[in-house]
Amino acid sequence: MAADAVLQVPLDHSAAPALSKPPPPRLDFLDGLRALAAIHVIFLHAGMTVWDTGSNRLAPWFFDALLHWFGNAHYAVVAFITLSGFCLTLPLVRDDGLRPLRSLDFFKKRCKRILPPYWLALVLSALLGLTLLSQKTQTVWDISIPVTAKAFLTHVALIHNVTRNDSTINYPLWTIAVEWQIYLCFPLIVLALRRFSPITILTIAIIACYSAAFLLRHTPFSGLTCQFLVLFLLGSVACLVVRSTFPYAIMVRRHAPTLLAAVIIAALALFTLNGLMSSYDVWRYQWLLDLPAGIIFAAFLVCLPRFPALRRPFESKLLVAIGGFSYSVYLIHAPLLQFLWQYVAKPLQLSNSASFLFLCLLGIPLILTASFLFFLVAERPFMNRRPSLPITPKLPAIA
């Protein structure tokens with residue numbers, strides 16, 4: 001999942017009241033959060049590789065509980081989508097709202113940023129699915145094979161999430177199609193937020209998107225996951241609260257300690273609810289659980305800039321560095337996990353528990369290293385370069 005890192009420069013608010021000043025301009029914690037979400041996805045998919053519900057390889061109670069309580073990677077996707085809304089809105093924010101979006105420039109930048117690494121990862125995954133990883137092994141990778149021409153073409157066109165090919169070739173890539181389709185709505189989101197209050201837009205979006213998700217839930221178009229548009233919008237609204245001087249934004253920032261307490265309580269409640277529910281029920285009602293998860297995460301994004309001590313762990317150099325290539329991690333981690341299990345752990349005849357520990361303790365660093373190399377080849381050449389200083393003080397720029 002990708003949203004450009006953002007280079008922020010201080011804004012001049014010397015004439016405004018203290019509470020109207022936006023938080024500190026450095027937002028490295030966004031990359032740190034992105035890195036943790038990517039690692040969390042690998043962690044869950046490692047468990048799904050070793051222990052698959054369709055096989056006889058069942059996890060021991062300890063690992064089963066660990067994966068059930070802490071391994072719901074769907075919430076990492078919630079974080080990615082919400083962060084994407086936050087980051088893409090950030091360059092548009094000014095004191096009194098959003099500046100107009102130049103739609104053509106936006107889509108050009110998105111195509112350049114998202115498509116080349118995605119297409120390269122798709123080709124590599126398809127080649128592996130036709131050769132080294134073409135055999136069924138009773139792991140989660142089985143849903144990615146066989147590779148067919150129809151599946152490949154729908155992936156190229158980014159419509160595989162609505163053609164019953166969402167898990168083929170490389171099973172996590174369904175979210176890339178969803179996010180791409182959300183990008184198509186971004187100009188309308190900006191236009192709506194410029195003309196109406198965020199609460200009005202959020203209310204309309206929740207009603208419309210969740211109604212659509214409910215009506216489409218037993219059709220191929222359930223792959224649109226319409227509720228994700230709400231998550232993206234929550235990220236955009238969180239960005240407005242963090243950076244603008246609207247009265248509602250100032251009011252929310254003034255009550256940041258209370259909001260943080262509510263976030264912690266709500267997160268613990270959702271965590272407990274997920275843990276007590278069966279895995280099947282969590283999967284069945286995930287589309288409903290996404291909304292409270294998105295609200296909690298968006299509120300957390302609002303709080304972080306106000307609390308340096310809370311923000312600091314997410315700003316570690318290692319996490320920020322990993323966050324910079326987390327899109328590559330997301331694109332290629334699944335076939336790499338399968339390769340490590342199939343050609344290293346299995347030939348060594350490691351037990352299932354030992355295989356899981358191997359994939360977590362050694363596999364994750366290896367995957368991060370390979371993802372960084374993939375980033376150098378497939379991502380970095382297509383990223384916008386950071387502008388050299390001096391920069392016009394009031395205009396944040398996309399890196």
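The values are calculated or read from the model by the stated rules, or taken from the named source; none is laboratory data. This one's a predicted model, so the numbers in the text were calculated from it and none came from an experiment. Don't worry about glycine lacking a Cβ; one is built from the backbone with ideal geometry, like all the others, and counts go over all protein chains shown. Calculation scope for accessible area: heavy atoms of the full protein, side chains included, ligands and nucleic acids excluded. Shrake-Rupley method; radii C 1.70, N 1.55, O 1.52, S 1.80 Å.
If the requirement is being open to solvent by less than 40 Å² (accessible area, probe 1.4 Å) and in a helix (DSSP H, G or I), which of these qualifies: 310, 337, 318?
Values: 310 fails: open to solvent by less than 40 Å² (accessible area, probe 1.4 Å); 318 fails: open to solvent by less than 40 Å² (accessible area, probe 1.4 Å).
It is 337.
Out of (1) farther than 21 Å from residue 103 by Cα; (2) surrounded by fewer than 22 Cβ atoms within 10 Å (Cβ to Cβ); (3) at pLDDT 95 or above; (4) not basic (Lys, Arg), the odd one out for residue 224 is which?
Result: residue 224 fails condition (3) only.
Scan region 238-282 for residues that are open to solvent by 20 Å² or more (accessible area, probe 1.4 Å), farther than 30 Å from residue 64 by Cα and not aromatic (Phe, Trp, Tyr) and jot them down. Break it down stepwise before answering.
Restricting attention to region 238-282, the residues satisfying the condition of being open to solvent by 20 Å² or more (accessible area, probe 1.4 Å) are 245-248, 250-252, 254-255, 257-262, 264-273, 276-281.
Cutting the leftovers down to farther than 30 Å from residue 64 by Cα gives us 245-248, 250-252, 254-255, 257-261.
Within region 238-282, 245, 247, 250, 251, 252, 254, 255, 257, 258, 259, 260, 261 qualify.
Take the residues of region 172-221 that are hydroxyl-bearing (Ser, Thr, Tyr) and surrounded by fewer than 20 Cβ atoms within 10 Å (Cβ to Cβ): which is farthest from residue 46 (Cα to Cα)? Reasoning before the result, please.
Initial filter on region 172-221 (hydroxyl-bearing (Ser, Thr, Tyr)): 175, 183, 197, 200, 203, 210-211, 219.
The next check asks that each one be surrounded by fewer than 20 Cβ atoms within 10 Å (Cβ to Cβ); those that pass are 183, 197, 200, 203, 210-211, 219.
Numbers: 183: 30, 197: 43, 200: 41, 203: 38, 210: 31, 211: 34, 219: 29 Å.
Among those that are hydroxyl-bearing (Ser, Thr, Tyr) and surrounded by fewer than 20 Cβ atoms within 10 Å (Cβ to Cβ), it is 197.
Tell me yes or no: at least one residue of region 141-155 is touching a Leu at 6+ places or on another chain (Cβ under 6 Å) and not acidic (Asp, Glu).
Taking region 141-155 first, the residues touching a Leu at 6+ places or on another chain (Cβ under 6 Å) are 147, 155.
Now restrict to residues that are not acidic (Asp, Glu): 147, 155.
So far as region 141-155 goes, yes, one or more of its residues are touching a Leu at 6+ places or on another chain (Cβ under 6 Å) and not acidic (Asp, Glu).
Quick one: would you say residue 93 is among the β-branched types (Val, Ile, Thr) and more than 13 Å from the chain's Cα centre (by Cα)?
Values: among the β-branched types (Val, Ile, Thr): yes; more than 13 Å from the chain's Cα centre (by Cα): yes.
Yes.
Could you say which residue among 177, 126 is touching a residue at least 40 places away in the same chain (Cβ under 8 Å) and either under 22 Å from residue 49 (Cα atoms) or of a type in the set (Ser, Thr, Tyr) (or both)? Can you show your working first?
Details: 177 fails: either under 22 Å from residue 49 (Cα atoms) or of a type in the set (Ser, Thr, Tyr) (or both).
Among 177, 126, only 126 is touching a residue at least 40 places away in the same chain (Cβ under 8 Å) and either under 22 Å from residue 49 (Cα atoms) or of a type in the set (Ser, Thr, Tyr) (or both).
Would you please list the contacts, defined by Cβ atoms under 8 Å and residues six or more apart or on different chains, that run from a residue in region 26-53 that is among the basic types (Lys, Arg) to a residue that is part of a loop (DSSP other than H, G, I, E, B)?
Sorted first by the residue in region 26-53, then by its partner, the pairs are 26/8; 34/1; 34/3.
Residue-by-condition table, conditions (1) farther than 23 Å from residue 314 by Cβ; (2) among the hydroxyl-bearing types (Ser, Thr, Tyr); (3) surrounded by 15 or more Cβ atoms within 10 Å (Cβ to Cβ); (4) at pLDDT 95 or above:
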residue: 57; (1), (2), (3), (4): yes, no, no, no
residue: 62; (1), (2), (3), (4): yes, no, no, no
residue: 67; (1), (2), (3), (4): yes, no, yes, no
residue: 76; (1), (2), (3), (4): no, no, yes, no
residue: 80; (1), (2), (3), (4): no, no, yes, yes
residue: 88; (1), (2), (3), (4): no, no, yes, yes
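Considering 357, 350, 366, which residue is within 23 Å of residue 142 (Cβ to Cβ) and not in a helix (DSSP H, G or I)? Talk me through it step by step, then tell me what you get.
Numbers: 357 fails: not in a helix (DSSP H, G or I); 366 fails: not in a helix (DSSP H, G or I).
350 is the lone residue from the list that is within 23 Å of residue 142 (Cβ to Cβ) and not in a helix (DSSP H, G or I).
Residue by residue, here is whether (1) in a loop (DSSP other than H, G, I, E, B); (2) closer than 16 Å to residue 85 by Cβ; (3) in contact (Cβ under 8 Å) with a residue 12 or more places away in the chain; (4) more than 20 Å from the chain's Cα centre (by Cα) holds:
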position: 152; (1), (2), (3), (4): no, no, yes, yes
position: 164; (1), (2), (3), (4): yes, no, yes, yes
position: 181; (1), (2), (3), (4): no, yes, yes, no
position: 223; (1), (2), (3), (4): no, no, yes, no
position: 234; (1), (2), (3), (4): no, yes, yes, no
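When the residues of region 8-45 are filtered to those that are of a type in the set (Gly, Ala, Ser) and at pLDDT 95 or above, which remaining residue is surrounded by the most Cβ atoms within 10 Å (Cβ to Cβ)? Break it down into steps so the answer makes sense when it comes.
Narrowing region 8-45 to residues of a type in the set (Gly, Ala, Ser): 14-16, 18, 20, 32, 35, 37-38.
Adding the requirement that they be at pLDDT 95 or above leaves 32, 35, 37-38.
Values: 32: 24, 35: 23, 37: 24, 38: 27.
Here the residue is 38.
With the structure loaded, tell me whether residue 79 is closer than 22 Å to residue 335 by Cα, out of contact with any strand residue (DSSP E or B) (no Cβ under 8 Å at 6 or more places or on another chain) and in contact (Cβ under 8 Å) with a residue 24 or more places away in the chain or whether it fails that test.
Numbers: closer than 22 Å to residue 335 by Cα: no; out of contact with any strand residue (DSSP E or B) (no Cβ under 8 Å at 6 or more places or on another chain): yes; in contact (Cβ under 8 Å) with a residue 24 or more places away in the chain: yes.
The answer is no for residue 79.
Do we find a residue being touching a Phe, Trp or Tyr at 6+ places or on another chain (Cβ under 6 Å) and either charged (D, E, K, R) or within 26 Å of residue 196 (Cβ to Cβ) (or both) anywhere in region 95-110?
As a first pass, look at region 95-110 and keep what is touching a Phe, Trp or Tyr at 6+ places or on another chain (Cβ under 6 Å): 110.
Those still in the list that are either charged (D, E, K, R) or within 26 Å of residue 196 (Cβ to Cβ) (or both) too: 110.
Yes.
For region 107-137, what are the residues that are over 13 Å from residue 335 (Cβ atoms) and open to solvent by 80 Å² or more (accessible area, probe 1.4 Å)? Show your work before the answer.
Narrowing region 107-137 to residues over 13 Å from residue 335 (Cβ atoms): 107-119, 135-136.
Those that are over 13 Å from residue 335 (Cβ atoms) and open to solvent by 80 Å² or more (accessible area, probe 1.4 Å): 108, 109, 112, 119, 135, 136.
Here is a list: 212, 205. Which entry is under 26 Å from residue 246 (Cα atoms), in a helix (DSSP H, G or I) and in contact with a helix residue (DSSP H, G or I) (Cβ under 8 Å, 6 or more places away or on another chain)? Show your work before the answer.
Values: 212 fails: under 26 Å from residue 246 (Cα atoms).
Step by step, each of 212, 205 is checked, and only 205 is under 26 Å from residue 246 (Cα atoms), in a helix (DSSP H, G or I) and in contact with a helix residue (DSSP H, G or I) (Cβ under 8 Å, 6 or more places away or on another chain).
Which one of 106, 63, 86 is within 30 Å of residue 248 (Cβ to Cβ) and touching a Gly at 6+ places or on another chain (Cβ under 9 Å)?
Within the list 106, 63, 86, the selection yields 86.
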